[in-house]
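No lab work stands behind these numbers, since they all come straight from the coordinates. This is a predicted model, so every value here is computed, not measured. Note: ideal-geometry Cβ built from the backbone for every residue, glycine included; neighbour counts use all protein chains shown.
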Amino acid sequence: MAKHTYKIVAGGDLQLLRKGKLDLQEKWREVDGYIEIVKAVFDGKTCDMIINEEGKIHNLPVNIKATFGYNEALGIINPDEWVDVINGDVLVEMRVKETK
């Protein structure tokens with residue numbers, strides 16, 4: 001299985017950014033700041049989500065899709081029970097089955 005990197009812009013959907021992983025500088029650039037890695041669930045798969053560590057401090061827009069994925073990894077499905085929201089664009093590193 002290979003890892004692919006996806007991007008979720010605030011207000012957008014999960015879109016393939018690269019087949020493979022990004023280096024640290026690329027991650028900083030894509031999330032526009034220092035990174036923090038958290039767990040998230042997308043399409044029933046647990047994966048690493050790279051977020052802007054200071055997204056809330058810089059008043060970046062709430063990323064609803066990323067927030068759903070983050071809270072689902074914590075076992076929280078109901079938005080009324082969310083423990084936190086994710087702000088700004090995020091990256092998702094997801095394992096995918098390679099096709100030949």
Pairs beyond 18 Å (Cα-Cα), from 7/45; 3/45; 19/39
19/39
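Using a cut-off of 10 Å between beta-carbons, work out the net charge of the residues near residue 71 (Lys and Arg +1, Asp and Glu -1, residue 71 not included). Can you show the working numbers first?
On the way: positive: none; negative: 72, 81, 84.
In short, -3.
For the ranges 56-65, 89-98, what's the packing order if you count other beta-carbon atoms within 10 Å of each residue, average per peptide, and put the highest first? List each step's numbers first, then the result.
On the way: 56-65: 14.7, 89-98: 18.0.
Result, highest mean Cβ count within 10 Å first: 89-98, 56-65.
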Leaving out same-chain residues fewer than 8 places away, which aspartates and glutamates sit with a Cα under 18 Å from that of residue 97?
43, 48
On a straight-distance basis, which aspartates and glutamates could pair with residue 56 in a cross-link, Cα separation under 13 angstrom, same-chain partners fewer than 8 positions away excluded?
32, 36, 84, 89
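Determine, for each peptide in 18-29, 67-78, the mean count of other beta carbons within 10 angstrom over its residues, then list the peptides with the highest first. Walk me through the intermediate numbers first.
Values: 18-29: 12.4, 67-78: 16.2.
In decreasing order of mean packing, 18-29, 67-78 become 67-78, 18-29.
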Calculated from backbone phi, Karplus (6.51, -1.76, 1.60) coupling profile of segment 55-67 in Hz, x at Gly/Pro
x, 6, 4, 8, 6, 5, x, 5, 9, 4, 4, 5, 5
Given the rule -39500 (n - 2.57) for each run of at least 4 DSSP H residues, summed and divided by the residues of the chain, what is its mean residue ellipticity at 222 nm, to the nearest 500 deg cm²/dmol?
-5000 deg cm²/dmol
Amide hydrogen neighbours beyond the local backbone of residue 63, cut-off 5 Å, H modeled:
86, 87, 88
Given the convex hull over the Cα atoms of the chain, what projected area results after averaging over all orientations, in nm²?
6.3 nm²
Scan around residue 42 for amide H atoms under 5 Å from its own, H built in the peptide plane at 1.01 Å from N, and keep only partners 5 or more places away or cross-chain.
47
